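The values are calculated or read from the model by the stated rules, or taken from the named source; none is laboratory data. Small disclaimer: the values here were computed from a predicted structure and weren't measured. Cβ coordinates were reconstructed from backbone atoms using ideal geometry, including for glycine residues, and neighbour counts include every protein chain displayed. We work out accessible area using only protein heavy atoms, side chains counted, and drop any ligands, DNA or RNA first. Shrake-Rupley method; radii C 1.70, N 1.55, O 1.52, S 1.80 Å.
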Amino acid sequence: FTALISAIRSKLEAYPHQVRTLHLLHGGDSDHRIPSVQEVLEVDVGPRADEIDETIAQPSEEYIQGLLEKNAFRRDNSSLFDSATASVEALGLWLLPAFLNHSDHHNAIHVFMGDVMFVRAIREIAEGDEILISYVDPLENWQQRQDHLDQ
């Protein structure tokens, strides 16, 4: 994770308004409050350069690692949960998609073209319905999916 953490910290230095978005992500703490969609979108758009809140601290390497363990995506077909089978180059943190929740009955999929992630609906999603993706390979049997989700 070291190279990825360094890349994330560099990106946050270049785009300091995204530090606030990063702090909205779930890092494994049990008292995490789930932000609203509006709250995430307002933060991600970011303030003008003269409105950046300098009081928000840059996250530590340990904090970013915790976020990656809960929110990272893989661009290759390896399991999201098996770091031994995936190359580091295929691992990344896409901030807005990291807020999507899992469902075995997902209504959207995520695909990659290079380092760009697209989230696409696979069936009609009514206004106000949550966009859900699968965190695991939907072609695996139920027990395999449960094992990956439990990790």
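So which residues in the stretch 49-86 are open to solvent by 30 Å² or more (accessible area, probe 1.4 Å), hydrophobic (A, V, I, L, M, F, W, C) and modelled with pLDDT of 70 or more, if there are any at all?
Matches in the stretch 49-86: 57 only.
Identify all residues within the stretch 138-151 that are open to solvent by less than 50 Å² (accessible area, probe 1.4 Å) and in contact (Cβ under 8 Å) with a residue 40 or more places away in the chain; write none if there are none.
145, 148
Only one of (1) modelled with pLDDT under 90; (2) farther than 19 Å from residue 25 by Cβ; (3) out of contact with any Ser or Thr (no Cβ under 7 Å at 6 or more places or on another chain); (4) not acidic (Asp, Glu) is not met by residue 92, so which one is it?
Just one mismatch for residue 92, condition (2).
If I go through the stretch 111-124 residue by residue, how many of them are in contact with a strand residue (DSSP E or B) (Cβ under 8 Å, 6 or more places away or on another chain), open to solvent by 30 Å² or more (accessible area, probe 1.4 Å) and at pLDDT below 90?
Residues meeting the conditions: 3.
What tally of residues in the stretch 125-137 results from selecting those that are surrounded by fewer than 12 Cβ atoms within 10 Å (Cβ to Cβ) and touching a residue at least 12 places away in the same chain (Cβ under 8 Å)?
Total meeting the criteria: 2.
Among the residues of the stretch 97-124, write down those that are without any contact (Cβ under 8 Å) to a residue 40 or more places away in the chain and in a loop (DSSP other than H, G, I, E, B).
Once the filter is applied, which keeps residues that are without any contact (Cβ under 8 Å) to a residue 40 or more places away in the chain and in a loop (DSSP other than H, G, I, E, B), the stretch 97-124 yields 100, 103, 105, 106, 107, 114, 122, 123, 124.
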